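Read through the structure below, which is laid out as structure tokens, and then see the notes.
The values are calculated or read from the model by the stated rules, or taken from the named source; none is laboratory data. Remember, predicted model here, so these are calculated numbers, not experimental data. Because the Cβ atoms are built from the backbone with ideal geometry, glycine has one as well, and the counts that use them run over all protein chains shown. For the accessible areas, the whole protein counts, side chains as well, though only heavy atoms, and no ligand, DNA or RNA atoms are used. Shrake-Rupley method; radii C 1.70, N 1.55, O 1.52, S 1.80 Å.
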Amino acid sequence: QKEMKRLNKTNLESIAIIIGDVNGLKLANDAFGHNAGDKLLKRMAEKIENSCRSQDIITRWGGDEFVILLPHTDYKGARKVNERIKNNINLLKPDPIEPSIALGLAARKNSTEDLNKVFKRAENIMYKNKLSKSQNMHASILNSLKNTFHENTCESKEHCKRLKRLAVSLGKEIDL
């Protein structure tokens with residue numbers, strides 16, 4: 001917030017903001033523990049940092065969000081940084097879930113535009129991207145959970161299928 005206030009006063013015409021929200025962090029914490037969630041955040045932060053330039057300002061904003069302020073950067077330049085972030089995160093291997101982030105970016109339209117408006121535009125775009133990815137992310141996390149379960153127990157997939165059928169049948173029988 002301090003950096004946004006400072007940059008807002010500079011009247012830089014070219015400044016952009018990227019907001020990233022880590023997909024599945026809550027589920028990773030709930031299913032695999034907070035150490036797994038912390039590990040995921042650290043891996044994501046490292047890839048974000050490696051995707052940015054030395055003059056960019058990167059910060060964690062809330063539990064699962066990152067904000068990147070890109071001074072002296074127009075929309076076209078911000079898109080390049082945005083693509084580097086996506087590409088670098090796509091290189092990460094699942095551990096235990098597949099790393100994914102929803103990104104939104106916006107750039108200042110002129111030197112007098114309030115950066116809070118730019119921030120809000122980037123945030124809205126990020127939320128739209130998050131919604132479009134959420135179903136795929138949930139399926140990916142469920143697959144990770146199933147695979148981890150099968151790796152860490154002696155239960156066969158066939159046994160799990162039988163248990164599932166029985167549980168569904170019981171649920172129907174008691175009107176769930």
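Structure values in brief
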| item | result |
| --- | --- |
| Only one of Asn29, Asn8 that is under 30 Å from Phe149 (Cβ atoms), among the polar types (S, T, N, Q) and part of a helix (DSSP H, G or I) | Asn29 |
| Total residues in segment 89-131, condition over 18 Å from Leu25 (Cβ atoms) and either in a helix (DSSP H, G or I) or in contact with a His (Cβ under 9 Å, 6 or more places away or on another chain) (or both) | 11 |
| Residue in segment 26-51 that is modelled with the lowest pLDDT, counting only those that are of a type in the set (A, V, I, L, M, F, W, C) and either surrounded by 23 or more Cβ atoms within 10 Å (Cβ to Cβ) or within 14 Å of Glu83 (Cα to Cα) (or both) | Ala28 |
| Per-region count, segment 52-61, residues assigned to a loop (DSSP other than H, G, I, E, B) and either open to solvent by less than 50 Å² (accessible area, probe 1.4 Å) or within 12 Å of Met126 (Cβ to Cβ) (or both) | 3 |
| Scope segment 1-25; condition open to solvent by less than 10 Å² (accessible area, probe 1.4 Å), under 17 Å from the mean Cα position of the chain (by Cα) and of a type in the set (Gly, Ala, Ser); matching residues | Gly20 |
| Residue pairs meeting the criteria (Cβ under 6 Å; at least 6 apart or on separate chains; first touching a residue at least 24 places away in the same chain (Cβ under 8 Å) and under 14 Å from Leu91 (Cβ atoms), in segment 37-49; second among the aromatic types (Phe, Trp, Tyr) and open to solvent by less than 20 Å² (accessible area, probe 1.4 Å)) | Ile48/Phe66 |
| Unmet requirement for Ile141, which otherwise passes all of (1) modelled with pLDDT of 90 or more; (2) outside any strand (DSSP E or B) | (1) |
